[in-house]
Structures are given as structure tokens and as C-alpha cells.
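The values are calculated or read from the model by the stated rules, or taken from the named source; none is laboratory data. All values derive from a computational prediction rather than experimental measurement. Here Cβ is always computed from backbone atoms with ideal geometry, including for glycine, and neighbour counts include all displayed protein chains. These area figures cover heavy atoms from the full protein model, side chains too; ligands, DNA and RNA do not enter into them. Shrake-Rupley method; radii C 1.70, N 1.55, O 1.52, S 1.80 Å.
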Amino acid sequence: MAERPRVYRAEGIVLRRRNIGEADSIFTVFSDEIGKFEGIAKGVRKARSHMRGHLEPLTHSRMLLARGRSLDVFTQAETVQSFRGLRDDLDRTAAGLACAELVDRFTAIHVEQPGLFALLSAVLEAIAAGAPLHLVRFFELHLLTMTGYELHLDGCALCGARLPEAETLLSADAGGLVCLACRGQAGGGRILSVRGVKVVRYARTATPGQFAALTISSGLAHELEAAMRDLVRHFLEREPHMGRYIDDLARLPAAHPSENGDEAVQ
């Protein structure tokens, strides 16, 4: 078997950093070619570091790494896209970091996830450009599908029966929508309004741009956020860190108008 090259190139989006020592940091990166990987950047927190700023979370970068005994070592980094709009608004920063955390939590080291890099990049780019934050719900739904947790939305997840146009239970235990007759077997969940069901179904086939173009009321946005958070929490078996942060952020006095319009999706 050919020996792996000692130095290699990679391109990806930085998901998170962990500082160690006085000046070093470990970065978790998600790449289209090799999936998630980690490496250490030595001295990156020093003011004169040539990689400083190119390995920040929510940055798409090209990197050169040298293989190490326990962790590979970043030797060069160059920004491809900074998603600058994410850094100019606290809500958008939180949304971007929430997407990055979910990619980190739902993936394993060096396991390819076809399509997930393109999804993450497209959603971060859209949010940075000013897309409504309900686009995160689109990301969550497609992330679940890509990582093996696709929801059954066309009929009852338990009995397969056709679902009427009515309020419907979305159950993580059942793996999707559940008819009225099967609710007692579903193990709990959250009731979605008729509009909520329509939006979730639409998200499956829409592009990020099409989903972002939906005008969603603040009430419907909260309904969808709560439903998707229940699903994520169930499959992760824990509450994401950014979920708690976003809750705290929502309690702060509003400093700007809501991102969502007043008209609900019909």
C-alpha cells in the first residue's frame, strides 16, 4: 500500500476552534472531499501569525497540513469566503454557528457526507447575504435527511394512512407525521398547524433560495423552530449548545425589527 503523503491540501468550512496553551488552537473543519477533520494551528493566536483570521469559525478556507502523530498541523491557510455578513449581526452569527454545530454533532471524523458541504455553504452564504433566519429550518431538515434521519411526511409514519389537511402530530419517536388514530402510539411529539405541515413538506423539494423567499409569520417561525429543535434534541440525545444561546439571545430587548414578515404562508 502506498504511503500517505506527509503534506496534503484541504478545503473546507471551519466549524469550531478550541484554544490550548498560550497561542495554539485546534480547529474542526468540514470538507467536501474528506468529511470532518481536525488539526492544530501552532501560534495562531499570536498577532504576527500568517494564518490568523483565515481559520476562524464560519470561514471557508484552503489549507495546507502536515501529518502529525496525534493531530495534523496546519501550516498554511487562505480564506476562500469569509461569509462576512454573519459577523455583522448577532442573530446571524448565532444562526451560522448553530448550523456549524449541527454539522459537527451529526458527523464523524473522516466520514464523507455527500451533499452536506454544499448545503452548509449555500445556507451560510444566503444568511450572510440577508436571507430570513427561518432558512435554518431548511438546513436542519435536510441535515437530518443526509445523516440518516429522514422524516416520513407523506402519510402516517406508523400506519401509512393518508393524512387529512388538519393539525398533525410530528413525532421524533415515530419518525415523522402521525395520524390522529396513531397518536397514542407515537410516544409524544409536537402538533404542527396546517401551514406548518405545508412548509415542512415544501422544504424537502425547495432550493435554499426558494425556501428563503417564503414569507413566514413570527408565530409560524416559532412553531417550526420548536418542532425542529425537538427533532434535533431527540436524535442527538442532547440540547445543542447554540440552542441555549439562541434562547438567551431571544430574551434580550429587541434592537431591530424582526426578520420575519407579518404574512403567514398559506
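Tabulated data for the structure shown
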| quantity | calculated |
| --- | --- |
| Cβ pairs under 8 Å, 6+ apart, first in the range 105-130 and on the phi > 0 side of the Ramachandran plot, second assigned to a helix (DSSP H, G or I) | GLY115/MET146; GLY130/GLY85 |
| Top-ranked residue in the range 79-109 [being part of a loop (DSSP other than H, G, I, E, B) and of a type outside the set (A, V, I, L, M, F, W, C); ranked as surrounded by the most Cβ atoms within 10 Å (Cβ to Cβ)] | THR107 |
| Count of the range 137-158 residues which are part of a helix (DSSP H, G or I), out of contact with any Gly (no Cβ under 9 Å at 6 or more places or on another chain) and not basic (Lys, Arg) | 7 |
| Tally of residues being in a strand (DSSP E or B) and either open to solvent by 10 Å² or more (accessible area, probe 1.4 Å) or farther than 19 Å from THR79 by Cα (or both) across the range 16-41 | 10 |
| Members of the range 42-78 that are farther than 18 Å from ILE20 by Cβ, open to solvent by less than 50 Å² (accessible area, probe 1.4 Å) and free of Cβ contacts under 8 Å to residues at least 40 places away in the same chain | GLY53 |
| Unique residue being at pLDDT 95 or above and either surrounded by 15 or more Cβ atoms within 10 Å (Cβ to Cβ) or assigned to a loop (DSSP other than H, G, I, E, B) (or both) when the list is GLU112, GLU11 | GLU11 |
| Count of the range 142-159 residues which are closer than 22 Å to PHE235 by Cβ, of a type outside the set (Val, Ile, Thr) and open to solvent by 10 Å² or more (accessible area, probe 1.4 Å) | 10 |
| Elements of type helices (runs of 4 or more DSSP H) contained in the range 159-266, each with 3 or more residues being touching a Lys or Arg at 6+ places or on another chain (Cβ under 7 Å) and either modelled with pLDDT under 95 or within 16 Å of PHE139 (Cα to Cα) (or both) | 218-236 |
